[in-house]
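What follows is a set of notes on a single structure, which appears directly below.
What follows is calculated from the coordinates using simple rules that are stated; it is not laboratory data. Since we're looking at a predicted model, the values are computed, not measured. So basically every Cβ, Gly included, is an ideal-geometry build from the backbone, and we count neighbours across all protein chains shown.
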Amino acid sequence: MNQQMNSPEHIEYVTRIGDNALILGQRMSEWCGHAPVLEEDMALANMSLDLIGQARMLLAHAGKLEGKGRDEDQLAFLRTELNYRNLTLCELPNQDFARTMVRNFLFASFQVLLWERLLTSSDSELAAIAAKSLKEARYHAQHAGDWVIRLGDGTVESHARAQAALDYLWPYTAEFFVTTPADDAVAAAAIGPAWSELEAAWEALVLPVLVEATLTVPARTPFKSFGKFGRHSEHLGHLLSEMQYLQRTYPGAQW
Amino acid sequence: MERKEWPLWEVFVRSRNGLDHKHCGSVHAPDAKLALQVARDVYTRRQEGVSIWVVQADHIVASDPDAKPELFDPAEDKIYRHPTFYQLPDEVNHM
Amino acid sequence: MYTQALDIPQQNPEAKGPRVVENPAYQAEFDAKVDAGGYIEAKDWMPESYRKTLIRQISQHAHSEIVGMLPEGNWITRAPTLKRKAILIAKVQDEGGHGLYLYAAAETLGVSRDELIEALHSGKAKYSSIFNYPTLTWADIGVIGWLVDGAAIMNQIPLCKCSYGPYARAMVRVCKEESFHQRQGYDLLLTMMKGTQEQRDMVQDAVNRWWWPSIMMFGPHDKDSVHSTQSARWGIKRISNDDLRQKFVDATVEQAKVLGVTMPDPELKWNAERGHHDFGAIDWDEFWNVVNGHGQGNVDRLAARVKAWEDGAWVRAAALEYARKQAAREHQAA
């Protein structure tokens, strides 16, 4: 790998994709043992395992690009919250099954498009990760999308919950497509797309499912979230203090 | 009465191409599409399959256990259907 | 594992068909099959007491797997590395799968999963009391894998050959998947024992707390066990509680040496004459207290299960309602 590829923008871009998987994988793992039926417990755990697997590959790769000897766990567990680059959407609490599934659908659909573009990344390691992860994201989008349809077009209660979930989450999706300085540099180096390029394709994927689910897509509001710039919601700090607990309490211990 | 429990589906998995689908268990699911997905999530976590069938349990027609004698015993004396019935000379016995 | 519809002994509980009444000829056939080590399938005739015992045993086993997800699930969000987090999720997920296989096996006997879950939630059905103990530190995750899963595997392997086909097949699948559970636990502990003194102390403390509950998992002494004789005859329990317990103790003592931990039992020592380890008296009062749910652990575990079930009610209802609407729409279109 040549020197110019290890730009801070490149590292940030890979870290951001890894953090998305890490933080949402952590959220999904909270369901383990508490899902509405046993079958769905299995499904949510599989999704969590996929995401944590992606996070491991991406953070390990980011650590190598950085060249300071930090491994996947040092990056996952020993950064401070301003250094996490995940989308705010990924860190929001699960709340209920409707919010969980609507979020998974909105996010996995985005991930599908991102991985598709990263298949041809000039960063061959990232391209290899994309090839593996794309299959996982497609399944997540399918499963979550099927649930969004069932909840939206199910009972009066499930419809209300799904609509409330969509209303709550939708404003956070604007952040997906905000271009950062890193995006421009990364796009110029053909490492990956600027995320703003994915917006139209994402809407084309997501809107028909929401319509089939009989949900009303909220209008865009001026609300902005900035997780990928390192400015998060209050929720991330709590997630991290739980996740980082052992690494922080016993510095230097091997597990 | 209002049905509250998701129907039961029987799951059949082909472990690799060239082999039959084999019954491996069941799942509860509200419909066929989710039945396939949860069957995948439950029964192929360790690369056990390349193809899945799900069949709603109610749709399986099974033989009557009481009819076992008349269904299966008559085949018992048709020993001439089995290759070992025929004694051939050693030179051609691998036939 | 096999479909409920074709395996329910009778569709109409009022019917007095020959397959359900106690029938000496069927009984003799059944006994001969079981005594010869053969399998009883769901649709075969079976004595009502056999059916009831199986439902109780299999569902209790299923409940144990499901409740057993909770103590370990308690550490998923705090797992110290991403590798350990993935391993733990996979393991707890496996337990959910095992519960699912076992509920399905019980369903072949003519009960629904909902009925079984209702029995768990109302406190009518029991689950393995081991899961009422709290998981206090990360070392508990390793010790549960090593000791609790180790004891469970020893209890479960004989069931792979039990007389009831659907149960036996479920157990084959369970045991196959279970084999990584004990190894990952031991591996976790080995890593901690090579670490800091604090980590080693944490492991020893966990061993001190889980050792006695683990050996109690084999159940009461044979002479005090109410179900063993009948169950052994039916081939749904093939080895005595005490023999299995001894086998477990003998195997575990060696593993503890390699690990560098000691068991909290001053009377535990090799008896050359018997060719086995002797061990101290088990505190059965504590055992029965926990079995009968007289611990707050039981309250918390059940509350967690009931909450998950009740919180999920609207989800389950929504999926059914969508399926109903879809069927109506397809009917309309046809």
Task: Sequence-distant residues sharing a close amide H with residue C:40 (under 5 Å, placed H) - done: C:164, C:165
Open item on the list: Using DSSP to call loops (not H, G, I, E or B), can you name the trypsin sites (Lys or Arg not before Pro) in the stretch C:205-277 whose Cβ has at most 13 other Cβ atoms within 10 angstrom?
Closed with: C:274
Task: the stretch B:1-43: chymotrypsin sites (Phe, Trp or Tyr not before Pro) falling in loop per DSSP and having at most 16 other Cβ within 10 Å - done: none
Open item on the list: Compute and list, largest first, the equivalent-ellipsoid semi-axes of the stretch C:187-334 from the alpha carbon gyration tensor, each √(5λ) rounded to a whole angstrom.
Closed with: 45, 24, 17
- [ ] Let me know the longest stretch in chain A that avoids all trypsin sites (Lys or Arg not before Pro) found in a DSSP loop with at most 14 other C-beta atoms within 10 Å.
- [x] A:69-219
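Give the residue list of trypsin sites (Lys or Arg not before Pro) in the stretch C:111-142 that are DSSP loop and have at most 10 other beta-carbon atoms within 10 angstrom.
Taking the stretch C:111-142 and a limit of 10 other Cβ atoms within 10 Å, the loop trypsin sites (Lys or Arg not before Pro) found are C:124.
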- [ ] Report the calculated FRET efficiency for residue C:281 and residue C:230 (r = Cβ-Cβ distance, R0 = 35 Å), to the nearest 0.05.
- [x] 0.85
Task: Segment residue C:190-residue C:208, extension gain: residue separation times 0.36 nm, minus the distance between their alpha carbons - done: 4.8 nm
Open item on the list: Quick one: 3J(HN,Hα) in Hz for the stretch C:313-327, Karplus 6.51/-1.76/1.60 with θ = phi - 60°, rounded, Gly and Pro as x.
Closed with: 4, 5, 5, 5, 5, 4, 5, 5, 5, 4, 4, 5, 4, 4, 4
Open item on the list: For peptide A:155-163, what's the mean number of Cβ atoms from other chains within 10 Å of each residue's Cβ?
Closed with: 4
Task: Between helix C:165-193 and chain C: long-axis angle, C-alpha atoms, 0 to 90°, nearest 10 - done: 20
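Tell me, what is the FRET efficiency for residue A:184 and residue A:214 to the nearest 0.05, using R0 = 41 angstrom and their Cβ-Cβ distance as r? Mind dumping the intermediate values first?
Working: r = 39 Å, r/R0 = 0.95.
That gives a FRET efficiency of 0.55.
For chain C, what is the calculated [θ] at 222 nm in deg cm²/dmol (nearest 500), taking -39500 (n - 2.57) for each run of four or more DSSP H residues and dividing by its residue count? Walk me through the intermediate numbers first.
Numbers: 15 runs with 209 residues, N = 334.
Mean residue ellipticity at 222 nm (helix-derived): -20000 deg cm²/dmol.
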TODO: Please report A:24, C:320 as a ranked list, fewest other C-beta atoms within 10 angstrom at the top and most at the bottom.
DONE: C:320, A:24
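Would you work out the Kirkwood radius for the protein assembly as shown? I mean one over the mean of 1/r across all pairs of different Cα atoms, in Å. Let's see the in-between values first.
On the way: mean 1/r = 0.0361 Å⁻¹.
Evaluated over the protein assembly as shown, this radius sits at 27.7 Å.
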Open item on the list: I'd like the distance between the alpha-carbon centres of the stretch A:1-53 and the stretch C:303-332, rounded to an integer number of Å.
Closed with: 28
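Per-residue ellipticity at 222 nm for chain A, helices alone: DSSP H runs ≥ 4 residues times -39500 (n - 2.57), over residue total, nearest 500 deg cm²/dmol?
Only helices count here, giving -21500 deg cm²/dmol.
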Task: Length released on extending from residue C:172 to residue C:32, taking residue separation times 0.36 nm less the Cα-Cα span - done: 48.0 nm
Task: Shape of the stretch B:8-62, Cα gyration tensor, a/c cut at 1.5 - done: oblate
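Using the count of nearby Cβ atoms within 10 Å as a rough guide to exposure, how do B:26, C:179, A:48, A:233 rank from fewest to most?
C:179, A:233, A:48, B:26
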TODO: Would you give the gap between the C-alpha center of the stretch B:55-75 and the C-alpha center of the stretch A:145-173, rounded to a whole Å?
DONE: 45
Task: Full-extension gain in nm, residue B:78 to residue B:63, via 0.36 nm per residue minus C-alpha separation - done: 3.3 nm
- [ ] Quick one: plug the Kirkwood hydrodynamic radius of chain C (C-alpha pairs) into Stokes-Einstein at 10 °C, 1.306 mPa s, and report D in µm²/s.
- [x] 73
TODO: Quick one: Debye curve from the alpha-carbon atoms of the stretch A:43-175 only, equal weights, vacuum; give me log10 I(q)/I(0) at q = 0.18, 0.19 Å⁻¹ to two decimals.
DONE: -1.07, -1.15
Task: Relative exposure of C:301, C:200, judged by other C-beta atoms within 10 Å (fewest first) - done: C:200, C:301
Task: Calculated FRET value between residue C:197 and residue A:248, using beta carbons and R₀ = 22 Å, to 0.05 - done: 0.75
- [ ] Pop a pseudo-label 7 angstrom from the Cα along the beta-carbon direction at both residue A:81 and residue C:327 and give the gap in nm to one decimal.
- [x] 4.9
- [ ] Taking chain A as the reference, fit the longest principal axis to its C-alpha atoms, fit the long axis of helix A:8-29 to the helix C-alpha atoms, and give the angle between the two in degrees, 0 to 90, nearest 10.
- [x] 40
Task: Principal-axis tilt of helix B:32-43 within chain B, Cα atoms, nearest 10 degrees - done: 70
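Rounded, prolate or oblate: which fits chain B, taking a ≥ b ≥ c as square roots of the Cα gyration tensor eigenvalues, rounded meaning a/c under 1.5, else prolate when a/b beats b/c?
oblate
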Open item on the list: Looking only at the protein assembly as shown, where both bridge partners belong to it, what percent of the DSSP beta bridges are antiparallel (to the nearest 5)?
Closed with: 95
Task: Placed amide H near residue B:26: partners under 5 Å, 5+ positions off or other chain - done: B:11
Task: residue C:222 versus residue C:41: modelled label distance in nm, points set 7 Å from Cα along the beta carbon direction - done: 3.5
